[in-house]
Amino acid sequence: MISFREIIIAVALFAWILLLTGFLTRKLYDLMIRRGLEHGVAVYYNRKIIHVFAGGLVAFIAPFYFETPLIPLIFAAILAVMTYIPHKTGKLLYWFQVPDNAYEVHFCIMWGVGLTTGWLLTGNAWFGALPVIFMSVGDAVTGFLRNAMFKRRTKSWWGNLAMALTTIPIGAAILGIPGAIAASICSFIEHYEFGVIDDNITVPSTALLLLLALTHIFNL
């Protein structure tokens, strides 16, 4: 049963995400442009900031404050719709959205689906949270580094190395050896995209499958 406490926490987190995406990153975009950054560079930094401080933060919090993944799934679905509408109408939130793709919509969908699937299959919230942490925090680290190095959206093994150095300790701390192994493999997988199947899909999917398999191998 959904508790009133869960609803209050969810509303507070949702309000934070709206503040971050609708106001704070817009102001940050203006600041970056004034300081001479190109539009695409500023947008890409903002996308990764949202990854960490929306997706990553809530993924870390969810296992501690929610009894089931239902409410996070509902709010993730709402955010997916909210980020899709500007693409549909042509009125993009220019400070973090781009006309070339709707990967932020993929992010919202996979955040909710990944968290819910891992949680329900195992009964352990961290099996849902850790894959989306890899997607949120790990992918953001690659983006920050690549954006600083190349000033555009591209793939680089330096970014994947940075992701591994960030996510392997997180994975190990949360789910031990399976978490560390999953993090290392996902850091490799992130380098590749397959058409519309981007790393927001491949990373959490791969992480969940690996965690499910590895926990049986290590008898966790």
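Kindly indicate whether F75 is of a type in the set (F, W, Y) and either surrounded by fewer than 16 Cβ atoms within 10 Å (Cβ to Cβ) or over 20 Å from A129 (Cα atoms) (or both).
Values: of a type in the set (F, W, Y): yes; either surrounded by fewer than 16 Cβ atoms within 10 Å (Cβ to Cβ) or over 20 Å from A129 (Cα atoms) (or both): no.
It is false that F75 is of a type in the set (F, W, Y) and either surrounded by fewer than 16 Cβ atoms within 10 Å (Cβ to Cβ) or over 20 Å from A129 (Cα atoms) (or both).
Among L31, L24, which is aliphatic (A, V, I, L, M), free of Cβ contacts under 8 Å to residues at least 40 places away in the same chain, over 16 Å from Q97 (Cβ atoms) and in a helix (DSSP H, G or I)? Walk me through it before giving the result.
Numbers: L24 fails: over 16 Å from Q97 (Cβ atoms).
L31 is the lone residue from the list that is aliphatic (A, V, I, L, M), free of Cβ contacts under 8 Å to residues at least 40 places away in the same chain, over 16 Å from Q97 (Cβ atoms) and in a helix (DSSP H, G or I).
Kindly provide the set of residues from the range 40-72 that are aromatic (F, W, Y) and either under 15 Å from R26 (Cβ atoms) or modelled with pLDDT under 95 (or both), ordered by number.
Let us first name the residues in the range 40-72 that are aromatic (F, W, Y), namely 44-45, 53, 60, 64-66.
If the condition is that a residue be aromatic (F, W, Y) and either under 15 Å from R26 (Cβ atoms) or modelled with pLDDT under 95 (or both), then Y44, Y45, F53 are the ones that fit.
Does A207 meet the test of being outside any loop (DSSP other than H, G, I, E, B), in contact with a helix residue (DSSP H, G or I) (Cβ under 6 Å, 6 or more places away or on another chain) and aliphatic (A, V, I, L, M)? Outline the logic, then answer.
On the way: outside any loop (DSSP other than H, G, I, E, B): yes; in contact with a helix residue (DSSP H, G or I) (Cβ under 6 Å, 6 or more places away or on another chain): yes; aliphatic (A, V, I, L, M): yes.
So A207 fits the description; yes.
The values are calculated or read from the model by the stated rules, or taken from the named source; none is laboratory data. The structure presented is a predicted model; accordingly, all values stated were derived computationally and were not measured. Ideal geometry is used to build each Cβ from the backbone, glycine not excepted, and the neighbour counts take in all protein chains shown.
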